[in-house]
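Take this structure first; my questions come after.
The values are calculated or read from the model by the stated rules, or taken from the named source; none is laboratory data. Owing to the predicted nature of the structure, the values given are computational and were not obtained by experimental measurement. In this analysis, Cβ positions are derived from the backbone assuming ideal geometry, glycine residues included, and neighbour counts consider all displayed protein chains.
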Amino acid sequence: MATSTALPRTLPASWYTSKPLYQLERRAVFLKSWYLLGPTIKFSPGEPVSYEFAGVSLTVTATETDESGASELTVVEDNGSLLRTHTTATGLLFTTISATASSFEDFFPGLEDILAKVDFTARPYRRSIQYEGHFNWKTMVDGYQECLHCQYTHPAFSVLYPPTFYAVQNHHTWCQHFADPKKPEDGLFLYFLPGCTLNVYGGGMSLFRVCPTADPGTTRMEFDYFNVDNGEKFEEYYKFVRQVAQEDYELCEVAQYNLERGVYAEGVLNPVKENGVAYYQQRVLEMVLEQHQEDQQTRKAAAVIVAIGQQASHAEGRGERSFTDRPIRPEIRVQ
Ligand SMILES: [Fe+2]
């Protein structure tokens, strides 16, 4: 049997700069996805937390259910509708942002088994930070999904996690990263399509969300930090992780600058070292194509409805019976 030796290709540069394409991505990918909001310990009664994903604003509210301090979490969109959520056995809260998303299990098959290995409520919430960057959401995800850039962009990080060992395992709509594949239990690094990540190592845990805006060249970055340490020890950890995030931010702005000026149009990906990028880009492409087909069918159906309406009104104009006058059941002739 012949095997294909074709290398995976990147999405074209226009996908990083086009407003209509983002609107298509919004319906195809963002409205159909699940989002990691955080570990349940982030949410306390009387302290609602707000989020915004692809133009959908929502609020997480914790309500005390009994005197033991247990609370129930609800996620409500700003228009008042209750959103579907999923809380994992080990304490992570996920949400949808529209009714078009599938079930959690269908969207992230097999994920619960991996999450069951870590108690996400064990590291107290310490700090959040958010800011906007001049890059497309995929520019940031491209960087997260590979570590070829690590050696020259993150010199301090590369000492701790030598990129020679780095590997990404792709699952359906989520990916697991291994800093050293020989030590698979060393930390937990996950990417959830389209824009959430979870990074657990030792006593520290960070989440970040890559939130698109209506301008495809602007993305809001949101980070949450959790750590068993407080005070000076936490500040040391924070300084290190912020340094890595700042280095990524600068790299993304330069990459976007090149994309917007035609320096880069399209290319091939390394099938081993960039398998994470190839996977998520392919998934985005598939979802966008599915949406495009759905849109075309809807447009065709709409055109048929309009044509029937026009025929009916012409018929009425000629004094004929209109479509709506016709009996639903066919008439039966009796001989
Ligand atoms: Fe990076």
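Which number in (1) in contact with a Ser or Thr (Cβ under 7 Å, 6 or more places away or on another chain); (2) assigned to a loop (DSSP other than H, G, I, E, B) marks the one condition that F94 misses?
(2)
Here's something else I'd like to know. Kindly list the number of the only condition in (1) at pLDDT below 95; (2) within 26 Å of E274 (Cβ to Cβ) that fails for S33.
Among (1) at pLDDT below 95; (2) within 26 Å of E274 (Cβ to Cβ), the lone unmet condition for S33 is (1).
Give the residue, chosen from S98, S102, that is more than 16 Å from the ligand (Cβ to nearest atom), among the small types (G, A, S) and in contact with a helix residue (DSSP H, G or I) (Cβ under 9 Å, 6 or more places away or on another chain).
Criteria check complete, one pass: S98.
Here are the criteria: (1) within 16 Å of the ligand (Cβ to nearest atom); (2) closer than 19 Å to K273 by Cα; (3) over 22 Å from the mean Cα position of the chain (by Cα). Tell me which single one K183 does not satisfy.
So K183 meets the others, but not (1).
When you check R84 against the structure, is it within 16 Å of F43 (Cα to Cα) and among the charged types (D, E, K, R), yes or no?
Taking the combined requirement at face value, the residue does not satisfy it.
Let me ask something else. State whether one or more residues within region 115-135 are part of a helix (DSSP H, G or I), within 16 Å of the ligand (Cβ to nearest atom) and either in contact (Cβ under 8 Å) with a residue 12 or more places away in the chain or over 30 Å from D215 (Cβ atoms) (or both).
Looking for residues that are part of a helix (DSSP H, G or I), within 16 Å of the ligand (Cβ to nearest atom) and either in contact (Cβ under 8 Å) with a residue 12 or more places away in the chain or over 30 Å from D215 (Cβ atoms) (or both), one finds none in region 115-135, hence no.
Taking D106 as meeting all but one of (1) touching a residue at least 40 places away in the same chain (Cβ under 8 Å); (2) closer than 19 Å to H172 by Cα; (3) not in a strand (DSSP E or B), write down the number of the exception.
Against the list (1) touching a residue at least 40 places away in the same chain (Cβ under 8 Å); (2) closer than 19 Å to H172 by Cα; (3) not in a strand (DSSP E or B), D106 comes up short only on (1).
Please state which of the following conditions A245 fails to meet, knowing it meets all the rest: (1) in contact with a strand residue (DSSP E or B) (Cβ under 8 Å, 6 or more places away or on another chain); (2) hydrophobic (A, V, I, L, M, F, W, C); (3) more than 30 Å from L148 (Cα to Cα).
Status for A245: all satisfied but (3).
Kindly establish whether P12 is farther than 18 Å from G195 by Cβ, free of Cβ contacts under 8 Å to residues at least 24 places away in the same chain and not polar (S, T, N, Q).
No.
Hey, P163 hits all of (1) within 16 Å of the ligand (Cβ to nearest atom); (2) touching a Cys at 6+ places or on another chain (Cβ under 9 Å); (3) over 30 Å from F43 (Cα atoms); (4) not in a loop (DSSP other than H, G, I, E, B) but one; which does it fall short on?
(4)
If you go through region 12-35 one residue at a time, do you hit one that is in a helix (DSSP H, G or I) and more than 21 Å from the chain's Cα centre (by Cα)?
Scanning region 12-35 turns up no residue that is in a helix (DSSP H, G or I) and more than 21 Å from the chain's Cα centre (by Cα).
Within region 223-273, count every residue that is free of Cβ contacts under 8 Å to residues at least 40 places away in the same chain, farther than 30 Å from D119 by Cα and part of a loop (DSSP other than H, G, I, E, B).
Number of matching residues: 3.
If you don't mind, there's one more thing I want to ask. Could we say that F43 is closer than 21 Å to F226 by Cβ and touching a His at 6+ places or on another chain (Cβ under 6 Å) here?
Answer is no for this residue.
Please specify each residue of region 226-253 satisfying the condition of being polar (S, T, N, Q) and within 16 Å of the ligand (Cβ to nearest atom).
The answer is Q243, Q246.
Here are some residues: Y144, Y152, Y161. Which one is free of Cβ contacts under 8 Å to residues at least 40 places away in the same chain, closer than 13 Å to L251 by Cα and touching a helix residue (DSSP H, G or I) at 6+ places or on another chain (Cβ under 9 Å)?
Y152
Additional query: Considering only region 137-152, I want to know if a residue exists there that is within 11 Å of the ligand (Cβ to nearest atom), out of contact with any Phe, Trp or Tyr (no Cβ under 6 Å at 6 or more places or on another chain), more than 23 Å from E185 (Cα to Cα) and in a loop (DSSP other than H, G, I, E, B).
yes
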